[in-house]
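Since the structure comes first, as structure tokens, the remarks are kept for the end.
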Amino acid sequence: MLAVGTLDQGVLAHVDGAGRVDAGRATLEVWIGADDRWHLPGDPGSRHGRLGPAPVAQTRTRVPGGDAVCAVYAVDGRVVVEIADESPAPFAVAFVVRARARALGADGGVVHADGEPLLAFARPPLRWSVATAGGSVRDEVCSGGAHEGPFPPVTAGAGRTIEAAFLFPVAHRTRVRAVFAARDPSRADLDVPDVAGVRRAWDRLLDRGMRTELPEPLQSRLDEARADLLLAAPGPQAFVALEAWGFDDEAATVWHALGLRDRRRARRRAVPPSLLLDTHAALVAERGRTVELLPGFRPEWLGQPVAVHDAPLRAGRCSFALRWHGARPALLWDAPAGLELRAPALDPHFAAREPRGEALLAAPPAPLLAMGTTARPGETIAPPDSFT
């Protein structure tokens, strides 16, 4: 499950491996009616994934000649569901919502559940279908029996689920967008950035913290985990990870939300292991005025580009990188003054007190080399950002 949300409001919905969106009080599915058939979530031919580090879910459904592409993301307290036609022919899209509500109605392009906006479109749907008391709209939609005209008010008993489908045409190389379960009813509109804009915004957010350049797939997993961390609910583990990865403002916000017991746990770092915390411990460690670089250097990093940008220390921010000369690593660093830098996992004899510099280290210890994979040619990498 991928959590989508915003910094100010946290997680707003979850998207499962078939592209279904769960916003708590209601769920939403996207069905694609192409020339060959109706394509439903989980059908063969659908590929689901995440668009880079940003919390944006994408489902690509194979239709004749191309793809129907559904993106789900959150912005300004709204969950946005956008479908693009990347095929040479038009198709129909059905937004199928299931809500536990006593009443469901529509006013133009806005669908209400118990009087609150649930789903908003730029225009009223072309067709619709509705079912109550555990029924399904599947047969009616897939057989072409969906209704035209205004959507009528629907009522159901307490605790019952209402299922409704709202159908729109999507022309070749165009897209249709819906806002789902806006937390603030006044924001149930479609004046929102597109997917590319949201991804750029998340890239800027992630640039504020500690960044790394590590071999794949670890680097992609870390970037996704850092984005997810910014949406995490307040807790000791979230605080420790935010502080370790340089998200100071978010860490301060979480700290103010913690109770006394959780603050004690956070101070003692008594939190479960995680990808972010384990990787941070492998990259940098402070021991008084001594800073160990790459204390947990891993065999799979041998001969690979490695860099850390703006690692937070008590004395300031530190950046460093490795580039390889055959089996020997060259270490570049830019650190606050007054610290001693060491790299015991790579070269136990290396020590530096200059705030900036470069040194050719000894070949890694034999036990580490023996654990590595087949020798690879060394690669050079650009120095960390702060070097410039």
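The values are calculated or read from the model by the stated rules, or taken from the named source; none is laboratory data. What you are looking at is a predicted structure, and each value in this text was computed from that prediction instead of being measured. We place every Cβ from the backbone using ideal geometry, glycine too, and count neighbours over all the protein chains shown.
Values for this structure:
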read-out	value
Residues of the stretch 346-374 that turn out to be outside any strand (DSSP E or B), small (Gly, Ala, Ser) and either in contact with an Asp or Glu (Cβ under 8 Å, 6 or more places away or on another chain) or modelled with pLDDT of 95 or more (or both), as a count	2
Those residues of the stretch 118-158 which are part of a strand (DSSP E or B), among the hydrophobic types (A, V, I, L, M, F, W, C) and over 19 Å from residue 24 (Cα atoms), in sequence order	121, 128, 130, 131, 154
All strands (runs of 3 or more DSSP E) inside the stretch 239-319 with 2 or more residues being closer than 19 Å to residue 351 by Cβ and under 22 Å from the mean Cα position of the chain (by Cα)	306-313
Matching entry among 312, 336 (being loosely packed, with under 14 Cβ neighbours inside 10 Å and at pLDDT 95 or above)	336
Elements of type strands (runs of 3 or more DSSP E) contained in the stretch 1-90, each with 1 or more residues being under 24 Å from residue 221 (Cα atoms)	2-6, 10-15, 46-50, 57-63, 66-75, 78-86
Any hit, the stretch 297-310, residues being among the β-branched types (Val, Ile, Thr), under 25 Å from residue 366 (Cβ atoms) and assigned by TED's automatic domain parsing to the domain that holds residue 242	yes
Single condition residue 119 does not satisfy, out of (1) buried (at least 22 other Cβ atoms within 10 Å of the Cβ); (2) out of contact with any Cys (no Cβ under 9 Å at 6 or more places or on another chain); (3) within 27 Å of residue 222 (Cα to Cα)	(3)
Any hit, the stretch 159-181, residues being small (Gly, Ala, Ser), surrounded by fewer than 19 Cβ atoms within 10 Å (Cβ to Cβ) and in a helix (DSSP H, G or I)	no
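Residue-by-condition table, conditions (1) within 21 Å of residue 228 (Cβ to Cβ); (2) within 20 Å of the chain's Cα centre (by Cα); (3) touching a residue at least 40 places away in the same chain (Cβ under 8 Å); (4) surrounded by 18 or more Cβ atoms within 10 Å (Cβ to Cβ):
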position	(1), (2), (3), (4)
72	yes, yes, yes, yes
76	yes, yes, yes, no
85	no, no, yes, yes
95	no, no, yes, yes
99	no, no, yes, yes
